[in-house]
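One structure is given below, encoded as structure tokens.
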Amino acid sequence: MDQPESSFRDNVYAIVAGIPAGKVMTYGQIAALSGHPRAARQVGQIAHFGPSDLPWWRVVNKQGGLAGAYTNGGRTEHKRALVADGVVVDDEYKVKVGEILWWPVE
DNA sequence: CGAATGACCAAGC
DNA sequence: GGCTTGGCCATTC
């Protein structure tokens with residue numbers, strides 16, 4: 001392909017696609033692992049405009065809060081998808097930080 | 001191609 | 001504790 005293989009976008013795809021069911025990751029974490037520790041916003045853009053083949057519902061913010069602009073219908077469906085995957089949700093629309101999957105850094 | 005937007009994060013007041 | 005600012009860069013108009 002014409003694109004460089006180590007694109008920020010491509011890395012995000014691989015990471016999000018690699019999130020196991022029952023776990024969630026944060027935008028900042030994904031961005032950092034993609035090579036841009038401050039590009040958490042782009043993860044959100046990719047999530048919105050990017051491919052829908054990836055489990056974006058397993059992606060939450062640093063507070064464990066769900067995305068308010070979830071393409072499927074908002075936090076309602078987002079939370080529902082998480083619970084369906086086996087993720088523990090504390091409040092109506094928040095996930096425990098302890099349930100977040102942290103990648104093997106260092 | 002340029003400007004605007006944005007599903008975030010961290011620091012400052 | 002909540003609002004404001006700066007930063008990142010892909011997607012859209």
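The values are calculated or read from the model by the stated rules, or taken from the named source; none is laboratory data. Since we're looking at a predicted model, the values are computed, not measured. For neighbour counting, all protein chains shown are included, and Cβ atoms are generated from backbone atoms with ideal geometry for every residue, glycine included.
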Looking across segment A:64-99 at residues that are surrounded by 13 or more Cβ atoms within 10 Å (Cβ to Cβ) and in contact (Cβ under 8 Å) with a residue 40 or more places away in the chain, the single one that is nearest to A:Q29 (Cα to Cα) is A:G64
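Yes or no, residue by residue, for (1) modelled with pLDDT of 90 or more; (2) within 6 Å of DNA strand B (Cβ to nearest atom):
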residue: A:V43; (1), (2): yes, no
residue: A:H48; (1), (2): yes, yes
residue: A:P55; (1), (2): yes, no
residue: A:N61; (1), (2): yes, yes
residue: A:A67; (1), (2): no, yes
Among the residues of segment A:76-90, are any more than 20 Å from A:A17 (Cα to Cα) and in contact with a Leu (Cβ under 7 Å, 6 or more places away or on another chain)? yes
Give the residue, chosen from A:V16, A:V43, A:V12, that is away from DNA strand C (no atom under 11 Å from the Cβ) and among the aliphatic types (A, V, I, L, M). A:V16
Residues (touching a residue at least 40 places away in the same chain (Cβ under 8 Å) and within 11 Å of A:M25 (Cβ to Cβ)) located in segment A:48-63: A:W56, A:R58, A:V59, A:V60
Taking the residues in segment A:72-106 that are touching a helix residue (DSSP H, G or I) at 6+ places or on another chain (Cβ under 7 Å) and of a type in the set (D, E) as candidates, determine which candidate is nearest to A:A32 (Cα to Cα). A:D85
Residue under question is A:V12, and the condition is that it be surrounded by 14 or more Cβ atoms within 10 Å (Cβ to Cβ), under 10 Å from the mean Cα position of the chain (by Cα) and away from DNA strand B (no atom under 11 Å from the Cβ); does it hold? yes
List the number of the failed condition for A:G22; all other conditions in (1) on the phi > 0 side of the Ramachandran plot; (2) in a helix (DSSP H, G or I) hold. (2)
Those helices (runs of 4 or more DSSP H) lying entirely in segment A:26-99 with at least 2 residues closer than 17 Å to A:S7 by Cβ, within 13 Å of the chain's Cα centre (by Cα) and of a type in the set (G, A, S): A:27-33, A:40-49
